[in-house]
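Here the structure is laid out as C-alpha cells; the discussion comes afterwards.
What follows is calculated from the coordinates using simple rules that are stated; it is not laboratory data. Remember, predicted model here, so these are calculated numbers, not experimental data. Glycine gets a Cβ as well: all are built from the backbone with ideal geometry, and neighbour counts include every protein chain shown.
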Amino acid sequence: MLEWLEWYNWAVLGVVLLFLELFLPFFILIWFGLGALLMALLVWLMPAVGFSAQILTWIVISTIFLVFWFKVYKPLCKTKSGQSSAQAIGEVGLLVDPLEPFGKSRVRFQVPLLGTEIWECVSDDKIDAGDRVKVLSVDGNILKVTKEI
C-alpha cells in the first residue's frame, strides 16, 4: 500500500480531471481537479503527510469547492432564460439608441431576459437613448416597449 502520494501525482490527477471535464457535461469533475491541484501544492509544501490524510483532505477540499459553486456562486449567475414570453412583460430595461414612433431600437436589460441582454424593440412613442423602458409585449424577437414613468 502507498504511504503517500507525491505532489506530481496530485498534479497529474488534477490535470486529467480538468481535461475530462472538457468532454463530460457534468461540471463536477472540475472541482475535484482543482482540489487535486490544490493538494499538489499542499503536498509539495508538506511532503510527509500520510496517504489517508491526503485522500481525506482532497475530498474535503473538493466538497468545499462543490458547495461554494452550487450554493453560493451559481445562484448569483442565474439568468431568466427559459422563461415564457409572458413573464417578460413588465420587465424594465435601458434604451440603447433613440427610438422614433414605430421605428426600431435596442434595449439592454441588467439581467438577461429570455436568454439575452440586448433586444430589438419598437414603441408607439418617441423615447430618448438612456431612458428606462418597460416591456409591454413580446412579438417573436421584438419587444414592444413604453417609457417607464
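Report, by chain and number, residues whose modeled amide H sits under 5 Å from the one on Glu148, excluding near sequence neighbours (fewer than 5 apart, same chain).
Under 5 Å from the amide H of Glu148: Arg132, Val133, Lys134.
What net charge is computed for the residues neighbouring Phe102, neighbours being all others with C-beta under 12 Å from the C-beta of Phe102, Lys and Arg scored +1, Asp and Glu -1? Before the final figure, lay out each step's value.
Values: positive: Lys104, Lys126, Lys144; negative: Glu100, Asp124, Asp125.
Cβ neighbours under 12 Å give a net charge of 0.
Students often get this wrong, so try it: which of (1) 1.32; (2) 0.93; (3) 1.36 is Rg/Rh (Cα atoms, Kirkwood Rh) as calculated from the structure shown?
Given (1) 1.32; (2) 0.93; (3) 1.36, the structure-derived one carries the label (1).
Using alpha-carbon pairs under 8 Å, 6+ residues apart, how would you state the relative contact order of region 1-55 in percent?
Working: 60 pairs, mean separation 27.1, N = 55.
With pairs under 8 Å counted, the relative contact order is 49 percent.
So what is the 222 nm mean residue ellipticity for the chain from helices alone, if each DSSP H run of at least 4 adds -39500 (n - 2.57) and you divide by all residues, rounding to the nearest 500 deg cm²/dmol?
Working: 4 runs with 53 residues, N = 149.
Rounded to the nearest 500, it is -11500 deg cm²/dmol.
Helix 7-21 sits at what angle to the longest principal axis of the chain, using alpha carbons and giving 0 to 90 degrees rounded to 10?
With both axes taken from Cα atoms, the answer is about 30 degrees.
Note the count of lysine pairs whose C-alpha atoms are less than 17 angstrom apart in the chain, limited to pairs 8 or more residues apart or on different chains.
10
Angle check, please: helix 29-45 long axis (alpha carbons) against the longest principal axis of the chain (alpha carbons), in degrees 0 to 90, nearest 10.
In the chain, helix 29-45 runs at an angle near 40 degrees to the longest axis.
Give me the net charge of Ala36's neighbourhood, meaning all other residues with Cβ under 15 Å from the Cβ of Ala36; Lys, Arg count +1, Asp, Glu -1. List each step's numbers first, then the result.
Values: positive: none; negative: Glu6, Glu21.
Charge balance near Ala36 sits at -2.
Skipping prolines and chain starts, which residues have an amide H placed within reach, meaning under 5 Å, of the one on Ile89, given they are 5 or more residues away or on another chain?
Under 5 Å from the amide H of Ile89 lies no amide H from a residue far enough along the sequence or on another chain.
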